[in-house]
1. In nm, give the distance between the simple-model label positions of SER351 and ARG386, each being 7 Å from the Cα along the Cα-to-Cβ direction.
2. With a 1.4 Å probe and every protein chain kept in, tell me what percent of the accessible surface of segment 228-304 is carbon plus sulfur.
3. Over what distance in Å are the Cα centres of segment 147-171 and segment 199-226 separated?
4. Let's test the formula: R0 of 35 Å, r as the Cβ-Cβ distance of ILE152 and ASP359. What FRET efficiency results, to the nearest 0.05?
5. Each label point is 7 Å from the Cα along the Cα-to-Cβ direction; what then is the distance between the points at ALA409 and ALA372, in nm?
6. For the ranges 114-123, 169-178, what's the packing order if you count other beta-carbon atoms within 10 Å of each residue, average per peptide, and put the highest first?
7. FRET efficiency for VAL246 and GLU80, Cβ-Cβ distance as r, R0 = 45 Å, nearest 0.05?
8. Tell me, what is the FRET efficiency for LYS277 and VAL89 to the nearest 0.05, using R0 = 51 angstrom and their Cβ-Cβ distance as r?
Amino acid sequence: MQLRRNEGRGAGGRQMFWLAGALACALAAPALAQDKKPTVDELQRRLEALEQRFGGAGTATVDGQPLDLSALDQRLRALERNLELQEEVRTAKEKEAAVVTVNDKGASFKSGDGGYEVKIRGLLQGDGRFFGSGAPAGANDTFLLRTARPTIEGTLGKWIGYRFTPEFAGDSASIVDVYADLKFSPAATLRVGKFTSPVGLERLQSSSSLPDIERALVSELNPNRDIGVQLQGEVAGGKVGYAIGVFNGTVDGRDAVTSNPDDNFEYAGRVFVEPLKGSGGFWSGLGFGIGGSIGDVEGAGNNFLPRYRTPGQSQFFNYRSAVAADGRRTRWSPQGYFYRGSFGLLAEYASSSQELRVDGATAELETTAWQATASWVLTGEDAGYRGVAKPARSFNPGKGGWGAWEVVARYGELEVDDGAFPLFADPAVAARKADAWVAGVNWYLNSNLKLVVNYLQTGFEGGAAGGADRPTEKAVFTRLQVAF
C-alpha cells in the first residue's frame, strides 16, 4: 500500500494532515484485534509522525484510489467507540474485584461495591492462677487456656450484618455469640440471636478490653449472654444509645441455656448518654446511663437460681437445693464512666431481686453490688472503654520502643439480703457479703499483644461453720492475650 501527495501547500496541506491522521487510525484498527492493542498515546504519536511526513497539501490516495472520507470517518468513529467500550469493561471489572485487607484488626474480604464483607478476627487468652491463703478446696495453682475464640462477622448487602463466635477453651466447644442484624438505620437496628443482654456496663465490655483479668462482683448480678430479639441504635449524633429486647431469660451473671427453661420471657433495656461526645472539652469522655430487666421465673436448680463467685472465680454463695424461684425477677443498674487523656474511671451499681419459695415459705430477696475501677496509662496514650487502642511506640527494644504501660485498681462489694439466712441459704457455706479489690499492671506490647498481672484479694462476712467468716482469699493472676 502506498500513500502519495501533490505539491500543494496551505489549507490543502492541513486537510491532507487530518486525512492522513484518519487513515492512520483506520489502518490501526486491525491491529487492535491482536493481543497487544495500541493506546491512545500511541495513536497520537503516529498522527504526529504523519504530520511531519505528509505536511503538504494535495490529494491522498491508497493503492492509487482517492480516499473515501465518509468511510474513513465511520471507521475512525468505530475505533473510538471500541476503545471506550474496552475502558468501560476494564472499569467494571475493577469495581467487581474483591478487596482483601490484612492488618492488626484481622483479615477482611470485601466485594468491589462494598456491599458484602467477611471479617475474620480472633481472641486467645492464656492465664496463670496462683493462690495464696484462703483458697477454697479445688482452687489449685494452674495454667489454663481461658479463651480461644475465632470470630466471623460482616455484612450481606446494605441491610444485613452478622456475627458468629464459637468458644474452644474448656472441655467442650460452645457458641458465645451468634446473631444477625437488620440495619434499617444507625438509629434502628433489629438484632436476633444470642448476644449480651443490655443491662450491665462491664458485662457489655469486651473481655479483650477489660482493665482487669476477671470481671468485678457487680457483674455477678447482671445477665451475660441471652437468646432473644433486640431493637437498638444511636440518636442525637451518637450521643444517646439505647437497646430494648425480649429474651428467654438467664440467671445472674451467666449465659442462657440453649432453650427457654420455663414458659416465661424476660424484658431488658438500657439507655446510655454521652452528652459532650466529640466536643473535645474536658467532659467529652463522660458517659452515664441505666440498664434493667424484668420477668417471671419458675423453677429450681442452676438454670433458675444464681451462684455468686469471687474475682478469683471461686463460689462463695448459693441457695439451698430445695429453694425454687417462684415469681418476679427484677434487675436495675445505674452506670457510668469518665475518660480524660490517660485517666479512666468506670463505676457501676446493680440490684437483683427474686421471689423465692421453700417448704411453703415465700420471700422476695434482694442482692446488691457495686464497683469502681480507676486506670492510668503511664506512657501517655489515651485510656478508653475499649482499652488502649494502640501503643504510641510498639515494643521494639532495639529502637527504643517499649509499648504502652497501664496501672489499674478496683474495689467492689456484693451483699446478699439478710432474709436469705438461714432458711434459703446455709450460713455455714454461703457468705452474706464479699468485698474485693484488685491491683494490676497491663503491658500493651503492640495493638495485638497484651500481658497482664493482677493481685486479687476478697474478704467475706460469714460463709464458715459456726457463724465464722470465710478466710480471706488471696491470689495472683497473670494473662497473655493475643487479639486481632
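1. It is 3.4 nm.
2. On the way: 2270 of 3710 Å².
With neighbouring chains kept in place, the figure for segment 228-304 is 61 percent.
3. 19
4. Values: r = 50 Å, r/R0 = 1.42.
Once the sixth-power term is evaluated, E becomes 0.10.
5. 1.1
6. Values: 114-123: 16.2, 169-178: 13.0.
The most tightly packed comes first, giving 114-123, 169-178.
7. Numbers: r = 63 Å, r/R0 = 1.40.
Here the calculated transfer efficiency is 0.10.
8. Values: r = 46 Å, r/R0 = 0.91.
Rounded to the nearest 0.05, the efficiency is 0.65.
The values are calculated or read from the model by the stated rules, or taken from the named source; none is laboratory data. Because the structure is predicted, anything quoted here is derived from the model rather than measured. Glycine gets a Cβ as well: all are built from the backbone with ideal geometry, and neighbour counts include every protein chain shown. Accessible surface is based on the protein model in full, side chains and every heavy atom, while ligands, DNA and RNA are left aside. Shrake-Rupley method; radii C 1.70, N 1.55, O 1.52, S 1.80 Å.
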